[in-house]
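Undergrad: Below is a structure I'd like to ask you about.
The values are calculated or read from the model by the stated rules, or taken from the named source; none is laboratory data. In this text, all values refer to a predicted model and were calculated from it rather than measured experimentally. Cβ: placed from backbone, ideal geometry, glycine included. Neighbour counts: every protein chain shown. These area figures cover heavy atoms from the full protein model, side chains too; ligands, DNA and RNA do not enter into them. Shrake-Rupley method; radii C 1.70, N 1.55, O 1.52, S 1.80 Å.
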Amino acid sequence: MAAAATGTHGHGEQIPPGKPMSTEQHILDKGAEMLQSLTPIKQMNQHVCTFALYNHDMNRQIETHHYVTRVNQDFLQCAVYDSDNSNACLIGVEYIVSDRIFETLPKEEQKLWHSHAYEIKSGLWVNPRVPEMVVKKDVENFAKSYGKFWCTWQTDRGDKLPVGPPSLMMSPQAVNLGMVKPELIQRRDDRYNMSTDAIKRTRLEIAEPEWINPEADYWKQHGKCFEIHVEDVEMKKIAPFP
């Protein structure tokens, strides 16, 4: 029986560190898989490949792979991986809401979210190996949506384990700091035998949102970002009674 896949993720060292899985562990896992429903995971019905930028350092840009669960027409949740390989690392989570839901959020909360309009119109957001005509209606809806993406494992800098606090991620935008590096796009195009420019041309007719809330993409309007710092605080010693 083959050992579980591990990989170097381009950094020369195994990520994550650890011994190969034993035959006994494979058998135990296979038995659990047969006996359990794994229902939440089976609700994932889309693979989206796109790019994201670290909010605190937008020169750091990564290719991301979102495995999407649609909870309803206004809310989606995504497990985000650093590749679509069997040894991909789970690097974060993104929540996606419709513009209707986004407008109900408090102003301070909206600052943590990003818009998707440019990401869609520019062809950066793709469903690999799925024809554009199949996803046309979906991408039209995504163009009006907003996302909040927390990265918990920075494999792009060679972290072998998920260390440190999570980082807020931003979407690509049509301004200098928000533009995705051409070499990243070309690398993806080559891997999937596709053309981002061609996809962009097919999306010319997708309507621009009438209004993108200026609280989203906060860095674009204010030149400031959000970063989490961990600090010691006093514990609540008496928990409130339910």
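Undergrad: Tell me the residue from R157, R203, R191, R187 that is open to solvent by less than 60 Å² (accessible area, probe 1.4 Å) and among the charged types (D, E, K, R), please.
TA: R203
Undergrad: Applying the selection to region 99-137, what residues are assigned to a helix (DSSP H, G or I) and free of Cβ contacts under 8 Å to residues at least 12 places away in the same chain?
TA: Passing the criteria: E108, E109, M133, V134, V135, K136, K137.
Undergrad: Within region 160-174, does at least one residue satisfy the condition of being modelled with pLDDT under 95, in a helix (DSSP H, G or I) and not aromatic (F, W, Y)?
TA: no
Undergrad: Which of the strands (runs of 3 or more DSSP E) contained wholly in region 23-83 include at least 1 residues that are in contact with a Cys (Cβ under 7 Å, 6 or more places away or on another chain), open to solvent by 30 Å² or more (accessible area, probe 1.4 Å) and among the aromatic types (F, W, Y)?
TA: 57-72, 75-81
Undergrad: Looking only at residues that are among the aromatic types (F, W, Y) and surrounded by 10 or more Cβ atoms within 10 Å (Cβ to Cβ) in region 213-241, which one is nearest to A143 (Cα to Cα)?
TA: Step by step, filter region 213-241, then rank; the result is Y218.
Undergrad: Still on this structure, please answer the following. For the structure I just gave you, tell me whether N127 is open to solvent by 60 Å² or more (accessible area, probe 1.4 Å) and under 13 Å from C49 (Cβ atoms).
TA: Criteria not met by N127.
Undergrad: While we're looking at this one, here's another question. Six or more apart or on different chains, Cβ atoms under 6 Å: show the pairs whose first residue is in region 217-242 and modelled with pLDDT of 90 or more and whose second is among the charged types (D, E, K, R) and surrounded by 10 or more Cβ atoms within 10 Å (Cβ to Cβ).
TA: Filtered contacts from region 217-242: Y218/K111.
Undergrad: Within region 177-195, count every residue that is under 22 Å from Y146 (Cβ atoms) and in a helix (DSSP H, G or I).
TA: 2
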